[in-house]
1. Dipole size in debye (nearest 20) for chain A around its Cα centre, Lys and Arg Cβ +1, Asp and Glu Cβ -1?
2. Give the residues of segment B:81-121 whose amide nitrogen is closer than 19 Å to a point set 7 Å from the Cα of B:Val137 in the direction of its Cβ.
3. Counting GluC sites (Glu not before Pro) as exposed when in a DSSP loop with at most 16 other beta carbons within 10 Å, what is the longest stretch of chain A free of them?
4. Would you kindly state the longest site-free stretch of chain B, with sites defined as GluC sites (Glu not before Pro) in a DSSP loop (not H, G, I, E, B) surrounded by at most 11 other Cβ atoms within 10 Å?
5. Are there chymotrypsin sites (Phe, Trp or Tyr not before Pro) in segment A:158-221 that DSSP marks as loop and that have at most 12 other Cβ atoms within 10 Å, and which are they?
6. Among DSSP beta bridges whose residues both lie in the protein assembly as shown, state the antiparallel percentage, nearest 5.
7. Could you give the nm distance between label points at A:Ile22 and A:Leu99, where each point is 7 Å from its Cα heading toward the beta carbon?
8. In segment B:147-240, with Lys and Arg counted as +1 and Asp and Glu as -1 at Cβ, which of these residues, B:Gly202, B:Phe160, B:Ser222, has the Cα nearest the positive end of the dipole, that is, farthest along it?
Amino acid sequence: MKKYVATRIITMFGVLMITLLITIALVGSNMDTILKQGIVFQVRSEITENPSIAESFSSVEEFEGFIQTQINQRIQILGLDEPWYSPQRIGVTMYKIILLDFGHATFLTSDEGSSDVKDILFEKLPRTVLLFTTATIIISIIGIFLGAFSSSKVGSGIDRITSSFAIISSSFPVWWIGMLMIFLFAFTWQVFPPRATPDIPSSDPEYIGSLLYHMALPLITIVMIGFGSWAYLVRNFMVGIMQEDFIIAKKTIGITQKKIIYTHALKNAAPPIVTILALSLSGSLGGAIITEAVFDWPGMGRLYFEAITVMDLPVIIGATYLLTVFFLISIFIADLLYGYFDPRVRTDN
Amino acid sequence: MNNIAPQEIKQEFLKSKMGIAGIVILLTLGIVSIIAIIAIPIETFQEWNNPSNWIENPKVAIPIWINIFLSEKIPEHKILNEPNIKKITSEEIELISHQFGLNFDYVDFPNDFIYEFSSEYSGNPLLQMSVIRPDGVKLNLLTTALPYSNEKTVHSERIFSTEQAIKKNLSLQSENFEFEFKRLSAEDIVFSKTHVNEPLKGDYIFLIDLYGINSENRIYESKLIVGGKAFGIMGTDELRRDLAIGLLWGTPLALFIGLAVSIASVVAGLLYGVYAGYKGKKTDEVMMRFNDVIYALPALPFLIILSVTISNSIFVMVGFLMVFGWVGIAKVSRSMSLQIKTRGYVDAANMMGQKDSKIILKHIVPQLLPYAFASIAISVPAAITTEAGLSFLGLGDPTFPTWGQILHDANTFGAAARGMWWWIMPPGVMIAITGLAFVFIGNALDAIINPKLKR
């Protein structure tokens, strides 16, 4: 068991590092160009603001030379003179990231105006947790009970409706349903607000109420699309278990169907269910990037998309790091839980 | 895993209603794709994002068929390009007359009218535009001379109903009408009843007369566009694009994306997993750790970064989607091949000294084929929706617009707020139907391979 946990942890750490390396490799070169342009712009604007510097030069060449040295100096201070793939720069970046020091965002700021990536991330994360984690919990509760219920009546009307609903809803993109919901319930019948961002400041006492009201439409949408496949999954696990010998034995000694399903069978279906729950809870932290874009929900997903469109490297790296960490932790927990419930996995043979 | 003969699978599959439904939908989509590829040249389609290509179409027009359900019909956008051509020569003067018949049967005025033409002439011909209304009144709209030229020249022009000269000409004929013109636009007068300013239904004839002294004048590409609020089977969007074309061409694209991604990733995952499982020991360990790494990468964020930084070409995107698609299949096929390789005939083949590649391809892979087909079908919808999602974020390939991109445009132009359901509904429905076809087929296959679920 110890060896199992240790190999797992090493793999996870490796994955984390590889993810970061790939991210830096993908955005690094673009980012360097942007940063260098920024420096050139900064130097030039400082000089135009201060005409006395320009007057102190006799020729144009000398003046241009001065500007060039200024630019080069700053590039050197920031370490941009070496390419992004130099081991030194990557090493420094990775070391800082591991210590959760993501630096400052280039363009984006938090609502309070801080450009510290950590502030931005931890401002957006609770909102994503509020919407997506709530939705995931609701989905799993509905899913488990509906799944267990329809597995007790295989072939019945409810079973068929659940199964077909699961199949149909799985092929609709959530964000498209979101667009439809906005179209129907925000514009055609004006029940909910079309944008999910509350329009009053967070210090207002009515803020919570407003936030919940704005959250309703995305929440309904996500739950509506999500619970079908959960129910279907749980149903399939349960149907498999209901055919096992020990359940049939329990039936023959006269334990009621209801008791068998909700205590004995559900307990045995727990390992896969718990695994999936752990994975989907962590998946929910990323917030569906596209869903947040549709509903204009100010969480991690939208932050990520905004950061990529303006190529804000520190934010991209910070968010990727955070998402990957959560994802890996949950895979890890899921693995451990699975091993705990199902001892066959642990022996690894 | 049980062994099922292909024949049996086919029989079972034909019994399943769901599978049949999936096949039927898929065939329909295939036919639609073929129609799209044959009927709409790809050059037209690649001009999707070029606004000048769509200038003849109306803005945000509702689909035409909506008129069937309405008692008060919405004016249709009409592009008339087959005029009645007459040629009259008397002495030196030659008259070329293009006549456009228009049946106007709506309770709303048209948006505008545009006459578009190219003319080949020499000298200084005179162009006269007039309209004969259902009540017999003939209105002179415009009299203009084409630019003088000594030699033979070609001149193209668009005459818009908003032109000042038309308004002026109409106000000279205001004795025909019993209401004040003031701020009314030309089309509101031309298509109006004489006593009140309400649309007059009936047959209109638009006359374009070209008077020339030289006998070699010619008008070609003569088109009269009467702007309406309904157009085509699927309507148009903010940029005047015919949504029917986008939706039709989206079908082969979606099928291509879905099938290419799922087939490639299933094949790659299958071979990878089987090889790892068959080899076992160190090879298996290393290959599975690599598999874990890919599995743990956050797919959508990476796809976004890749499409922003590397390329958003549709073919490159298919490759990126593959990179994240094969992982799960590799895991399952590995565990399946672990079971299969313990069977006697694999051992026998091994002892006979057959090559590993031969054993894998001849003895193990065929056993996994039913599973592979089911996985291909099941992973198609995910590929399609992921691509649609990326396009929806505005990261799609502009030369091959997909359904996701239509939805992206709908979102940016606020189609939901403006009630333009014909811009939002059809692309999503198409995505869902395509996904559904494959889910049906996949589930039907799955039920045959895992008979436990059937009960």
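1. For this selection, approximately 2580 debye.
2. B:102-113
3. Maximal segment without exposed cleavage sites: A:1-111.
4. Between the exposed loop sites, the longest stretch runs B:217-455.
5. Listed in order of number, the matching sites are A:Trp189.
6. 95 percent
7. If labels sit at A:Ile22 and A:Leu99, their model points lie 2.8 nm apart.
8. B:Phe160
Bear in mind these aren't lab numbers, they're just calculated from the coordinates by the rules spelled out. Remember, it's a predicted structure, so these values are computed and weren't measured experimentally. Here the Cβ is made from the backbone with ideal geometry for all residues, glycine too, and neighbour counts use every protein chain on show.
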